[in-house]
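Colleague: Once you've had a glance at the structure underneath, I'll fire off some questions.
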Amino acid sequence: MIDYLSLQKITALHEAEMTAAVNQVLRSGWYLQGECTTLFEKNYAQYIGTKYCVTCGNGLDALCLILRAYRELGLLKEGDEVIVPANTYIATILSITENHLTPILVEPDINSLEIDSELIEQAITPRTRAIMLVHLYGRCAFTPFISDLCKRHNLLLLEDNAQAHGCHYGDKRTGSLGHAAAHSFYPGKNLGALGDAGAVTTNDEQLAQTIRSLANYGSTRKYEFTFKGRNSRIDEVQAAVLNVKLPYLDGENQRRKQIAKTYCDNINNPQITLTEDKDRDNVYHIFPIFCPTRNRLQQYLRQNGIGTMIHYPIPPHQQQAYKEWNDRHYPITELIHQQELSLPCNPTMTDEEVYQVVEHINKYQ
């Protein structure tokens, strides 16, 4: 069986180093807000290319904390609009509604699968205060046109970088392209912990300090509370694991790119559509293909020993959680969610396994 993603195999890549790092934490007797966390924040800020990194409990918290901090700083207020791709994972949208802001869903470009730059401008109203880019599938969503829109309309440019650790735009990395960015280190991510963990990167010192306080019950000094905060902190074990894995990230992303190139060069089936945008960097957190008979294709691949996943079967506007949106129609988003199937694409795969996937895809009828 070729698993879609085996976390056991991912862990095995660096198991000896991770075991030593975790044992060091266990022996230290210090499990929160310690040296490992401080070191990872320093290392990750340097890697992304920002002045500040503030770790937190998970990627959703990172998104929520950014928006909450901007509310506390007076740059956002209840009811303000945040433009967001309609085909994103629901966490991006949850962070907006949790902060009593209004998500404005914008369709993606079918070729890039990222938010359609040309449609963003049409969605801007006097109540628009931010654009939330989502680097979906590991592909860079940033464009100079979006940056210019934000400058012309005085909008915050925010990034959901949960799927694109290490992705580039020119000589910069995603996570450093806007005012602030959220990162998830969920175990299945390109840079994954052994549990939930997240971070915010930014060059804004005041924003970083506010987020750090909000994530620590609203406190900047023990037993003194400036905000009505929450408890959202990475633990020392996760920080230690991430410190081990971070130096290997670029090499593992390069392996993902090699696998993706093999897929792109060799998959040849009229029923299968690939979407490649060579002008955008891509670290292939997800390698999506599209097929009108997606469910049958998935079953066929499973019967032939190949694991796949669907990202995602139900778009946000059709979810029960947002039933007030259920009568809306986003045709490109809906097409993506109806036809998308994700192939295995991770650094534990052998060349033989990659070509087995290609072979079975090409035989599908």
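The values are calculated or read from the model by the stated rules, or taken from the named source; none is laboratory data. This one's a predicted model, so the numbers in the text were calculated from it and none came from an experiment. Note: ideal-geometry Cβ built from the backbone for every residue, glycine included; neighbour counts use all protein chains shown. Note: accessible area is taken over every heavy atom of the protein model, side chains too, but ligands, DNA and RNA are not part of it. Shrake-Rupley method; radii C 1.70, N 1.55, O 1.52, S 1.80 Å.
Colleague: Quick check on segment 27-54: of everything there that is touching a Leu at 6+ places or on another chain (Cβ under 9 Å) and in a strand (DSSP E or B), which residue is most open to solvent (accessible area, probe 1.4 Å)? Before the answer, list the steps.
Modeller: Taking segment 27-54 as the starting set, the residues that turn out to be touching a Leu at 6+ places or on another chain (Cβ under 9 Å) are 36, 40, 43-44, 47, 52, 54.
Of the ones still in play, those that are also in a strand (DSSP E or B) are 52, 54.
Numbers: Tyr52: 68, Val54: 4 Å².
Step by step, filter segment 27-54, then rank; the result is Tyr52.
Colleague: Then there's this: Restricting attention to segment 87-106, which residues are touching a strand residue (DSSP E or B) at 6+ places or on another chain (Cβ under 6 Å) and under 15 Å from Ile124 (Cα atoms)? Please lay out each step first, then the result.
Modeller: Here is the first cut: in segment 87-106, the ones touching a strand residue (DSSP E or B) at 6+ places or on another chain (Cβ under 6 Å) are 87-88, 92-93, 96, 101-104, 106.
Of everything in segment 87-106, those that are touching a strand residue (DSSP E or B) at 6+ places or on another chain (Cβ under 6 Å) and under 15 Å from Ile124 (Cα atoms) turn out to be Leu101, Thr102, Pro103, Ile104, Val106.
Colleague: Run down Glu41, Glu15, Glu72 and say which single residue is of a type in the set (Asp, Glu), over 25 Å from His153 (Cβ atoms) and touching a residue at least 12 places away in the same chain (Cβ under 8 Å). Even if it seems obvious, please write down each step before you answer.
Modeller: Details: Glu15 fails: touching a residue at least 12 places away in the same chain (Cβ under 8 Å); Glu72 fails: over 25 Å from His153 (Cβ atoms).
From the options Glu41, Glu15, Glu72, the qualifying one is Glu41.
Colleague: For segment 199-215, how many residues are more than 21 Å from the chain's Cα centre (by Cα) and closer than 13 Å to Cys56 by Cβ?
Modeller: 3
Colleague: Among the residues that make up segment 299-315, is at least one of them under 25 Å from the mean Cα position of the chain (by Cα), within 15 Å of Leu5 (Cβ to Cβ), assigned to a loop (DSSP other than H, G, I, E, B) and among the hydroxyl-bearing types (Ser, Thr, Tyr)?
Modeller: Checked segment 299-315: at least one residue is under 25 Å from the mean Cα position of the chain (by Cα), within 15 Å of Leu5 (Cβ to Cβ), assigned to a loop (DSSP other than H, G, I, E, B) and among the hydroxyl-bearing types (Ser, Thr, Tyr).
Colleague: Also, I was wondering about something else. Going through segment 340-352 one residue at a time, which ones are farther than 13 Å from Thr308 by Cβ and either buried (at least 22 other Cβ atoms within 10 Å of the Cβ) or in contact with a strand residue (DSSP E or B) (Cβ under 6 Å, 6 or more places away or on another chain) (or both)?
Modeller: The first filter runs over segment 340-352 and keeps only residues farther than 13 Å from Thr308 by Cβ, leaving 347-352.
Selection gives Met349 alone.
Colleague: Mind counting the residues in segment 74-95 that are among the acidic types (Asp, Glu) and either open to solvent by less than 10 Å² (accessible area, probe 1.4 Å) or under 13 Å from the mean Cα position of the chain (by Cα) (or both)?
Modeller: Keep residues of segment 74-95 that are among the acidic types (Asp, Glu), which gives 78, 80-81.
Next cut, either open to solvent by less than 10 Å² (accessible area, probe 1.4 Å) or under 13 Å from the mean Cα position of the chain (by Cα) (or both) only: 80.
Looking only at that region, the number is 1.
Colleague: Based on what the data block shows, is Ala62 part of a helix (DSSP H, G or I) and either charged (D, E, K, R) or farther than 25 Å from Gly178 by Cβ (or both)? Explain how you work it out, then say what you get.
Modeller: Values: part of a helix (DSSP H, G or I): yes; either charged (D, E, K, R) or farther than 25 Å from Gly178 by Cβ (or both): no.
Judged against the criteria, Ala62 is not a match.
Colleague: Also, I was wondering about something else. Cys291 is checked against (1) more than 26 Å from the chain's Cα centre (by Cα); (2) open to solvent by less than 50 Å² (accessible area, probe 1.4 Å); (3) not aromatic (Phe, Trp, Tyr) and fails just one. What number does that condition carry?
Modeller: So the condition that Cys291 fails would be (1).
Colleague: Could you go through segment 305-313 and let me know if any residue there is free of Cβ contacts under 8 Å to residues at least 12 places away in the same chain and open to solvent by 20 Å² or more (accessible area, probe 1.4 Å).
Modeller: Step one: list which residues in segment 305-313 are free of Cβ contacts under 8 Å to residues at least 12 places away in the same chain, which gives none.
The answer is no; no qualifying residue exists.
Colleague: May I pose another question? Search segment 143-175 for residues being in a loop (DSSP other than H, G, I, E, B) and over 14 Å from the mean Cα position of the chain (by Cα), and hand back the single one that is surrounded by the fewest Cβ atoms within 10 Å (Cβ to Cβ).
Modeller: The first filter runs over segment 143-175 and keeps only residues in a loop (DSSP other than H, G, I, E, B), leaving 143, 154-155, 161-167, 170-171, 174-175.
From what's left, over 14 Å from the mean Cα position of the chain (by Cα): 143, 154-155, 170-171.
On the way: Thr143: 19, Asn154: 8, Leu155: 21, Gly170: 10, Asp171: 6.
Among those residues, the one meeting the criterion is Asp171.
Colleague: Could we say that Arg296 is in a loop (DSSP other than H, G, I, E, B), more than 30 Å from Asp250 (Cα to Cα) and either open to solvent by less than 20 Å² (accessible area, probe 1.4 Å) or charged (D, E, K, R) (or both) here? Don't jump to the end; show me each part of the working.
Modeller: Working: in a loop (DSSP other than H, G, I, E, B): no; more than 30 Å from Asp250 (Cα to Cα): yes; either open to solvent by less than 20 Å² (accessible area, probe 1.4 Å) or charged (D, E, K, R) (or both): yes.
Criteria not met by Arg296.
Colleague: Taking segment 1-11, which residues are out of contact with any Pro (no Cβ under 6 Å at 6 or more places or on another chain) and open to solvent by 60 Å² or more (accessible area, probe 1.4 Å)?
Modeller: Correct list: Met1, Asp3, Gln8, Lys9.
Colleague: Within segment 63-73, is there a residue that is under 25 Å from Asp279 (Cα atoms), open to solvent by less than 10 Å² (accessible area, probe 1.4 Å) and at pLDDT 95 or above? If you could, list the steps in order and put the result at the bottom.
Modeller: Restricting attention to segment 63-73, the residues satisfying the condition of being under 25 Å from Asp279 (Cα atoms) are none.
Among the residues of segment 63-73, not one is under 25 Å from Asp279 (Cα atoms), open to solvent by less than 10 Å² (accessible area, probe 1.4 Å) and at pLDDT 95 or above, which makes the answer no.
Colleague: A follow-up question, please. Please pick out the residue among His183, His179 that is closer than 21 Å to Val200 by Cα and surrounded by 24 or more Cβ atoms within 10 Å (Cβ to Cβ). Reasoning before the result, please.
Modeller: Values: His179 fails: surrounded by 24 or more Cβ atoms within 10 Å (Cβ to Cβ).
Within the list His183, His179, the selection yields His183.
Colleague: Which one of these is open to solvent by 20 Å² or more (accessible area, probe 1.4 Å) and touching a residue at least 24 places away in the same chain (Cβ under 8 Å): Glu98, Glu114? Working first, answer last.
Modeller: On the way: Glu114 fails: open to solvent by 20 Å² or more (accessible area, probe 1.4 Å).
Within the list Glu98, Glu114, the selection yields Glu98.
Yes or no, residue by residue, for (1) farther than 23 Å from Val25 by Cβ; (2) open to solvent by less than 40 Å² (accessible area, probe 1.4 Å); (3) among the charged types (D, E, K, R):
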| position | (1), (2), (3) |
| --- | --- |
| Asn203 | yes, no, no |
| Lys228 | yes, no, yes |
| Gln238 | no, yes, no |
| Leu246 | no, yes, no |
| Asp250 | yes, no, yes |
| Asn266 | yes, no, no |
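Colleague: Please give the number of the condition Gly229 fails out of (1) more than 17 Å from Tyr70 (Cα to Cα); (2) part of a loop (DSSP other than H, G, I, E, B); (3) in contact with a helix residue (DSSP H, G or I) (Cβ under 7 Å, 6 or more places away or on another chain); (4) modelled with pLDDT of 95 or more.
Modeller: Among (1) more than 17 Å from Tyr70 (Cα to Cα); (2) part of a loop (DSSP other than H, G, I, E, B); (3) in contact with a helix residue (DSSP H, G or I) (Cβ under 7 Å, 6 or more places away or on another chain); (4) modelled with pLDDT of 95 or more, the lone unmet condition for Gly229 is (1).
Colleague: Take segment 233-282 and flag every residue that is out of contact with any helix residue (DSSP H, G or I) (no Cβ under 7 Å at 6 or more places or on another chain) and of a type in the set (A, V, I, L, M, F, W, C).
Modeller: Leu249, Ala260, Cys264
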